[in-house]
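The values are calculated or read from the model by the stated rules, or taken from the named source; none is laboratory data. Bear in mind that the values here come from a model prediction, so they are computed numbers and not experimental data. Cβ coordinates were reconstructed from backbone atoms using ideal geometry, including for glycine residues, and neighbour counts include every protein chain displayed. The accessibility values were calculated without ligands, DNA or RNA, using every heavy atom of the protein model including side chains. Shrake-Rupley method; radii C 1.70, N 1.55, O 1.52, S 1.80 Å.
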Amino acid sequence: VSVDGETVDRAAGVLNRATGVEATVDSVFQIGSVTKVWTATLVMQLVDEGRLDLDAPVRVHLPGFRLADDTAAGQITVRQLLSHTAGFEGDLLGEDTGPGDDCVERLVALLDQTPQVFPPGQIFSYNNAAYCVLGRLVEVLRGIPYDEYLRRYLIAPLGLTHTAPGPHEAIMYRAAHGHIRPTADAEPQPAPIWALPRSGAPAGSLLAMRPRDLLSFVHMHLRGGLAAPDGPEVLTSASVTAMRQRQVELPHLGGFGDAWGLGWEIFDWPGGTVIGHDGDTVGQNAYLRVVPDRNVAVALFANGGNPRGLYVEIVGHVLQELAGVGFPPPPEPVAGARVVDASRYLGRYSSRLADTDVGQDPDGRIWAEWTPKGLYAELGGQPERHERRPARRHPGQRGETERQAPALHVRRC
């Protein structure tokens, strides 16, 4: 927890139930998709240097960028990649293109048969692969692999001492191991693997750190891009501001915010605007929430159990007490709601990692059944079935609930 640049940290539990090693405040956890804010920061550094135009087509610097829809591939801009509005299917994070320095390049090459779901810039759809394209973009413009770019342009300037771009560095620290449930009612067990493939690093497959290091990164953003109160400058204040500006408004998706900036997720909560990001990897979870106007930030890492409940209990309390910002009330089921004709929405919604089947029974009740496949299935993901009911949200409040059912959009990493 950070207030006005002063940080307090605490740890509890164990890093691995098989070894019993206790967690400490210096233990490193994977931050998953929180990495996307780091990737966006690296992109904005290139904008600051005049080497990259957010509204120029990606092909200006990546002429070999291909999708199944070649017209769309030629139109997609850097801004659309950053704001999840590029429109192509984005679940490529589980594809392993090897451990070499060319792994991100090879992953981006696999996109050549990826379908376009909607025209570029039209609506929001969370896209892991878009951030791998951004990672490749910065590799080309810097001439170094993504993880080395992280070391030189963020980890070193910020003076981070417990941050690991990959497993070979993480093993040098007191590293957390993720835990998963083999069945829905089973106790959490150590996951069969520690990390996702290196090729997904720009989207969040590898980066690990202690919470204090993540808050040091946040402090840079809160200082207008300065690594320390007296410098040096890591990012211009103009880019810091641009990253927080709303690029696309979101429908109520359950667990997501209200808008997206350039990397940052934006939440309109009672008491103030919050920015942040979540991250999920193999049995590890990270939550980052920042209230810029109050100079308050909270980073919460977990490696199994009920991380969402922990987030609601701890982060909700801290933000209310220190920033006067509260979670919005969750949607309320509408009592006695009429039966609706859901025929337009019935059927199967497929992505690379899961199928969602939507059906309506003879009583008019609507059900969604989520079935993992590919990497999710290999890691023990279990099918889930939930009823979908009409709900009423509190006016002007679109928030998160403690227990979220799988939604019909592609799940994020």
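Under the condition of being closer than 19 Å to VAL315 by Cα and either in a loop (DSSP other than H, G, I, E, B) or under 18 Å from the mean Cα position of the chain (by Cα) (or both), the residues counted in the stretch 210-245 number 7.
Selection over the stretch 356-381 of residues that are assigned to a loop (DSSP other than H, G, I, E, B) and either touching a Phe, Trp or Tyr at 6+ places or on another chain (Cβ under 8 Å) or among the acidic types (Asp, Glu) (or both) gives a count of 2. Can you name the residue in the stretch 150-164 that is part of a loop (DSSP other than H, G, I, E, B) and in contact with a strand residue (DSSP E or B) (Cβ under 8 Å, 6 or more places away or on another chain) and is also farthest from ASN16 (Cα to Cα) among such residues? By that ranking, first place goes to LEU160. The lone criterion from (1) farther than 30 Å from ALA228 by Cβ; (2) hydrophobic (A, V, I, L, M, F, W, C); (3) at pLDDT 95 or above left unmet by VAL117 is number (3). Going by the conditions given, is ALA184 of a type in the set (Gly, Ala, Ser), over 16 Å from the mean Cα position of the chain (by Cα) and either surrounded by fewer than 16 Cβ atoms within 10 Å (Cβ to Cβ) or farther than 29 Å from ALA40 by Cβ (or both)? When the stated conditions are applied, ALA184 passes them.
SER125 falls short on exactly one of the conditions (1) open to solvent by less than 10 Å² (accessible area, probe 1.4 Å); (2) modelled with pLDDT under 95; (3) under 26 Å from LEU46 (Cα atoms), and that condition is (1). Does the stretch 65-72 contain at least one residue that is β-branched (Val, Ile, Thr), touching a strand residue (DSSP E or B) at 6+ places or on another chain (Cβ under 9 Å), over 30 Å from VAL240 (Cβ atoms) and in contact (Cβ under 8 Å) with a residue 12 or more places away in the chain? There is no residue in the stretch 65-72 that is β-branched (Val, Ile, Thr), touching a strand residue (DSSP E or B) at 6+ places or on another chain (Cβ under 9 Å), over 30 Å from VAL240 (Cβ atoms) and in contact (Cβ under 8 Å) with a residue 12 or more places away in the chain.
Yes/no per residue for (1) open to solvent by less than 50 Å² (accessible area, probe 1.4 Å); (2) more than 30 Å from GLU22 (Cβ to Cβ); (3) among the aliphatic types (A, V, I, L, M):
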{"site": "GLY263", "(1), (2), (3)": "yes, yes, no"}
{"site": "THR273", "(1), (2), (3)": "no, yes, no"}
{"site": "GLY276", "(1), (2), (3)": "yes, no, no"}
{"site": "ASN303", "(1), (2), (3)": "yes, no, no"}
{"site": "VAL315", "(1), (2), (3)": "yes, no, yes"}
{"site": "GLY326", "(1), (2), (3)": "yes, yes, no"}
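Going through TYR131, TYR153, TYR173 one at a time, which residue ends up being hydroxyl-bearing (Ser, Thr, Tyr), closer than 14 Å to ALA201 by Cβ and modelled with pLDDT of 95 or more? I'd like the intermediate steps shown before the answer.
Details: TYR153 fails: closer than 14 Å to ALA201 by Cβ; TYR173 fails: closer than 14 Å to ALA201 by Cβ.
Going through TYR131, TYR153, TYR173 in turn, just one is hydroxyl-bearing (Ser, Thr, Tyr), closer than 14 Å to ALA201 by Cβ and modelled with pLDDT of 95 or more: TYR131.
The residue list VAL274, VAL339 contains one member that is over 26 Å from GLY200 (Cβ atoms) and touching a strand residue (DSSP E or B) at 6+ places or on another chain (Cβ under 8 Å), which is VAL274. Taken together, the residues in the stretch 337-392 that are over 26 Å from the mean Cα position of the chain (by Cα), within 27 Å of GLY90 (Cβ to Cβ), open to solvent by less than 40 Å² (accessible area, probe 1.4 Å) and not hydrophobic (A, V, I, L, M, F, W, C) amount to 2.
The rows are residues; the columns are (1) open to solvent by less than 20 Å² (accessible area, probe 1.4 Å); (2) within 15 Å of SER351 (Cβ to Cβ); (3) not in a helix (DSSP H, G or I).
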residue	(1), (2), (3)
ARG59	no, no, no
PHE65	yes, no, yes
GLY74	no, no, no
LEU81	yes, no, no
HIS84	yes, yes, yes
GLU95	no, yes, yes
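Of the listed requirements (1) assigned to a loop (DSSP other than H, G, I, E, B); (2) over 17 Å from VAL37 (Cβ atoms); (3) of a type outside the set (Lys, Arg); (4) touching a residue at least 60 places away in the same chain (Cβ under 8 Å), VAL325 misses just one: (4).
Would you call TYR146 of a type outside the set (A, V, I, L, M), crowded, with 18+ Cβ neighbours inside 10 Å and closer than 23 Å to ASP69 by Cα? Write out each step before concluding.
Numbers: of a type outside the set (A, V, I, L, M): yes; crowded, with 18+ Cβ neighbours inside 10 Å: yes; closer than 23 Å to ASP69 by Cα: no.
Taking the combined requirement at face value, the residue does not satisfy it.
Taken over the stretch 13-50, the residue count meeting the criterion of being loosely packed, with under 15 Cβ neighbours inside 10 Å and either β-branched (Val, Ile, Thr) or within 24 Å of GLY200 (Cα to Cα) (or both) is 3.
Given the structure, is VAL298 open to solvent by less than 40 Å² (accessible area, probe 1.4 Å), out of contact with any Phe, Trp or Tyr (no Cβ under 7 Å at 6 or more places or on another chain) and assigned to a helix (DSSP H, G or I)? No, not satisfied.
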